[in-house]
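The values are calculated or read from the model by the stated rules, or taken from the named source; none is laboratory data. Worth saying up front: this structure is predicted, and the values here are computed from it rather than measured. Neighbour counts are summed over all protein chains in view; Cβ atoms, including those assigned to glycine, are modelled from backbone coordinates with ideal geometry. Ligands, DNA and RNA are stripped out before the accessible areas are found, and what is left, the full protein with its side chains, is counted by its heavy atoms. Shrake-Rupley method; radii C 1.70, N 1.55, O 1.52, S 1.80 Å.
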Amino acid sequence: MRREQIRTSLMRLFMFGCCMASFYIGDAYAQVAGAKASQVRKLADESKEHSLKGKVYDEVDGQPMPGVAVQIEGTSQGMATDIDGNFTLPVGKACNIVFSFIGYKKIVLHYDGKNSSSFSHVVMKVESQDIKDVVVTGIYRRKKESFTGSSTTFKLDELKSVGAQNVLQSLTTLDPSFKIMDNKLAGSNPNKMPDVEIRGKSSVVGFKEEYGTDPNQPLFILDGFETTLETVMNLNMNRVASVTLLKDAASTAIYGSKAANGVVVIETKVPEKGKLQVSYKGDYAFDFADLSDYNLMNSREKLEFERLAGVYKDNTNDPFNQIKLDDLYNSRLREIEQGVDTYWLSVPLRTGITHKHNIYAEGGEQNIRYGIGLNYGSVNGVMKGSDRQTLGGNVDLIYRTGKFQFSNKLSIDYLETNDPAVSFSEYALANPYYRKYGDNGKVNKYLYYPEDGLNDNPVSNPLWNAHLNNYDKGQRFGFTNNFITEWFATDDLRLRGKFGITKYDDTQDERLSPEHTQFDDKDDTQKGLFTHSLQKHLYYEGDISATYGRLFQGKHQVNAVAGFNFSNTTNKTNGFSATGFTDDMFAAPSFANSYPSGGKPRYTESVKHASSFYINGGYAYDNRYLVDVNLRSDGASMFGTDNRFRTTWSAGLGWNIHNEEWMQMNGLFQLLKLR
């Protein structure tokens, strides 16, 4: 008889009573003493599998949670809850049951065979963490305590507490290292992009006009993708969740040499789950021109200054010219005596009004969330004729299934800009003893026109050029779509793929009337000017990365990120200029006579390719001693053929002094770090 048959026979024998027996099975000796049938049955029952049933609920809304991973700890045996949050899991002996879901805290419950009822109502809690305690780099997230770089994070409430115009204006107030440089020529023009710096200049100045961007400008990251300064300026603040400034090499090296001036990382809000919610937020602001710094002469002081400077004295000793100069002086003095004292600086100014509106609808369940928004913004500059209007919509989707998460953010934007045809400097050059209007109340073309024989230039009236049919306007229409897929392979390993595309068409039209004073000495066929340009922009970016993070033996925290990034930028620009307009009202280019002298249509096209490989590693011992290492290799088509790639690296050390036992005893500091 085989051994298996003998064992089966013995088992059946023991289940029908108790006995004392000894058996020889081959060379093996077995003895069973006084075994009761009930004990044998108990052993047999424990060896069988049971079906553990239960239900999982969401802490937020109390609703059942589908898609929650339910697994026996230490094994691959598991399942996901159904649409009603139910699960049925085959279990044997006592074990630990693990419940996990993306964005929620992991729960471990012990099953001992008798506590099945405790699994009938399992509540999942949201993994909430204050954004102030996290450093968001756009590539990875890291606890601030274990980060060796210099960074500062601001939430939306902090940004809006100091201003509602745009994100950058708020940052200048909140962080002294972030500065918007004064541009005295542009003033408060809402269509002029500012010069932004973090911790001062780090490159040669004066190349902005040549290369199109300021080499001292920081790198801007929006939802993990590179973006432009103008996109950030147009971004509605109510869509922002947080802004993080990365300032030093240890924190910016993950982006290579292009982040040498710092990084501004902006995260927008994600849809909240639950029933459909619709919210509205509006912001209003007023801007006033502060002219107190301009300590200018009044009309009497200016005339006296000119007299002392010899403006009204003929250097040729021609008595007839001296008579004309005396008459000119007396006529201006007469105007002053009659009360003429024009403050030209205030003439083109007004009270600027800014108002922005945002409507957002959001909702969804555990597996899918959605958000649809519509926003409008209007900025009227302090300078008359300067304004900027934005209209946009956005659709946000997040889908989760098993260990995968897919998110997509689509935004469509329309922009209109207007700039004044007469600059502020033209008003500033006008003397205070000139009248704005003529005796008949109409605008004169010239404030002053010299008599024959006087070696002087005429002074045009800025109000004349301002009232003509001149314009300088622009339009832009485009979209941005960012798609991210993530695979949470294990609790320690995450793989992520990103792809983003931005496309827009930018049109600029500028027109000067043939009655503009700059065409007074031109032939009729060369008066007036119309300039048109159209830029077609296409940018796409992709990124594949792997993130690993694990805590060993309760003290050794290891973090690592490795990835590959590629991008392509294509710009096509065409345009033309036309002249020879016959009337102020006929502004269409079809009324032009010809191209300017030597002019012809323009066309340019540029294509830029770039790719990068990067590795980031971090180690923390007992959350006290920290090490960060970054390595990145960037390649671009703009580089020379002999050296297509450029490698940058950085290393950072940190010491969390506040986590030392001797420091925790006094409780003086919540955060004290040496880096």
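Output wanted: per-residue J couplings in Hz (rounded whole) for region 565-579, from phi through Karplus 6.51 cos²θ - 1.76 cosθ + 1.60, θ = phi - 60°, x for Gly and Pro.
So the J values, rounded to whole Hz, are 10, 9, 8, 9, 10, 10, 10, 10, 10, 9, x, 7, 10, 9, 9.
FRET efficiency for M181 and S51, Cβ-Cβ distance as r, R0 = 60 Å, nearest 0.05?
Once rounded, the FRET efficiency stands at 0.30.
Full extension from N86 to M638: what is 0.36 nm times the residue separation minus their Cα-Cα distance, to one decimal in nm?
Extra length from N86 to M638 when fully extended: 193.0 nm.
What are the ³J(HN,Hα) couplings of region 490-501, residue after residue, when phi is run through the Karplus curve with 6.51, -1.76, 1.60 and θ = phi - 60°? Round to Hz, x for glycine and proline.
Calculated HN-Hα couplings, in order: 9, 5, 9, 10, 9, 10, 9, x, 10, 8, x, 9 Hz.
Please compare each pair in K155/K281; K356/K384; K160/K258 to a cut-off of 22 Å on the Cα-Cα distance and tell me which ones are over it.
K160/K258
Run the reach check for K409 against lysines, Cα to Cα strictly under 17 Å, same-chain hits fewer than 8 apart removed. What comes back?
Hits, sequence-local ones excluded: K269, K273, K498, K503.
Could you derive backbone 3J(HN,Hα) for region 375-382 from the dihedral phi with the Karplus parameters 6.51, -1.76 and 1.60 (θ = phi - 60°), listing whole Hz in sequence and x where the residue is Gly or Pro?
For region 375-382, the Karplus-derived couplings read 9, 9, x, 9, 10, 9, x, 5 Hz, x marking Gly and Pro.
Taking the simple approach of a point 7 Å from Cα along Cα-to-Cβ for both F645 and V126, what is their distance in nm?
Rounded to a tenth, the inter-label distance reads 4.3 nm.
Alpha carbon centre of region 277-297 versus region 312-369: separation in Å?
About 19 Å separates the Cα centre of region 277-297 from the one of region 312-369.
Mind jotting down the distance between the C-alpha centroids of region 446-499 and region 396-429, whole Å?
First find each Cα centre; the distance between them is then 13 Å.
Could you give the accessible area per residue of the chain, probe 1.4 Å, as a whole number in Å²?
Counting only protein heavy atoms, the per-residue value for the chain is 56 Å².
State the extension gain, in nm to one decimal, for the chain segment bounded by E451 and L674, taking 0.36 nm per residue of separation less the distance between their alpha-carbons.
Separation in residues times 0.36 nm, less the Cα-Cα distance, equals 72.8 nm.
Could you work out how far apart the two model spin labels at L538 and Q389 are, taking each label as a point 7 Å from the Cα in the direction of the beta carbon, and quote it in nm?
3.1 nm
Taking square-rooted eigenvalues a ≥ b ≥ c of the alpha carbon gyration tensor, is region 432-524 rounded, prolate or oblate, where a/c under 1.5 means rounded and, failing that, a/b exceeding b/c means prolate? Walk me through the numbers before you get to the answer.
Working: a/c = 4.77, a/b = 4.05, b/c = 1.18.
Prolate shape, in that a/c is at least 1.5 and a/b is the bigger ratio.
Students often get this wrong, so try it: which of (1) 31.8; (2) 25.2; (3) 27.4 is Kirkwood radius over Cα pairs in Å as calculated from the structure shown?
Step by step, Kirkwood radius over Cα pairs in Å for this structure corresponds to label (1).
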